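Please read the structure below before turning to the comments.
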Amino acid sequence: MSKRLFVSVDLDGLADDVRAIQDHFEGASGLNFVDPEQAHVTLKFLGDTDEDLVPDVCEELEAAVEESGVDPFEATFGGLGVFPSRSYISVVWLGIREGGEQLSALHEAIESRTVDLGFDPEEHDFTPHVTLARMNHAGGKERVQDVVENHDPDAGPLQVEEIRLTESVRTEEGPRYSTLERVRL
């Protein structure tokens, strides 16, 4: 059996902030919003992972946190962006104002450890962000572009004390996430 896994920092307690930011995009056709209760920063997407590998992954995550030298820290979120570009939008995201260096250090250590375990290396440079919505079609592209260019929202602060190994289960209502393991900073 395999599980669809990723490593994250969850935005516990910030769902109202995330929801308020998503409200700026109201009426933008084609946007599929992320559940604000499940908002997170993905540090590493592992994908389909054999269940037998989960203990090894947890061990490597603990070692990665140790190697990163990152202690608990405060993160704040703000600013909006899109991937891959403003002319072709597939993801709308909330950026990181404070804590980006720590998130990047965690990502680098996790990336190194998980690639050594046999996971695929990232294809893109790491940009710490919180996915707010995915764009299914370009109907509301102009609205999204306008909001991204003219709004500079804030969320947080968040005290980051752990990373999580999270399972993503696809459902008709969208993905449902559950924490398999917590690794303290």
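Each reported figure results from applying straightforward, stated rules to the coordinates on display, with no laboratory input. Since the structure is predicted, the reported quantities are computational estimates derived from the model, not experimental observations. Note that each Cβ is placed from the backbone with ideal geometry, even for glycine, and that neighbours are counted across all protein chains shown.
Which value in nm describes the separation of the simple spin-label points at D125 and D23, placed 7 Å from the Cα toward the beta carbon?
Label-label distance for D125 and D23, simple model: 3.5 nm.
Which Cα, out of C58, Q159, P175, lies furthest along the positive dipole direction of the chain (beta carbon charges, K/R +1, D/E -1)?
Comparing the listed Cα positions along the dipole, P175 ranks first.
Taking only DSSP H segments of four or more residues, each worth -39500 (n - 2.57), what value at 222 nm results for the chain once the sum is divided by all its residues, to the nearest 500 deg cm²/dmol?
Roughly -8500 deg cm²/dmol at 222 nm, from the helical runs in the chain.
Quick check: the angle from helix 141-150's long axis to the longest principal axis of the chain, C-alpha only, nearest 10 degrees?
With rounding to tens, the tilt is 80 degrees.
Quick one: Kirkwood hydrodynamic radius for the range 77-180, alpha-carbon pairs, angstrom, one decimal?
15.9
Between D50 and S112, 0.36 nm times their residue separation minus their Cα-Cα distance comes to what?
20.4 nm
What is the helix-to-structure angle for 54-68, meaning the angle in degrees between its Cα long axis and the longest Cα principal axis of the chain, kept from 0 to 90 and rounded to the nearest 10?
Between the helix axis and the principal axis of the chain, the angle is about 80 degrees.
Out of A64, A138, A39, any idea which swings most in a Gaussian network model of the chain, alpha carbons joined below 10 Å?
Among A64, A138, A39, the largest GNM mean-square fluctuation belongs to A138.
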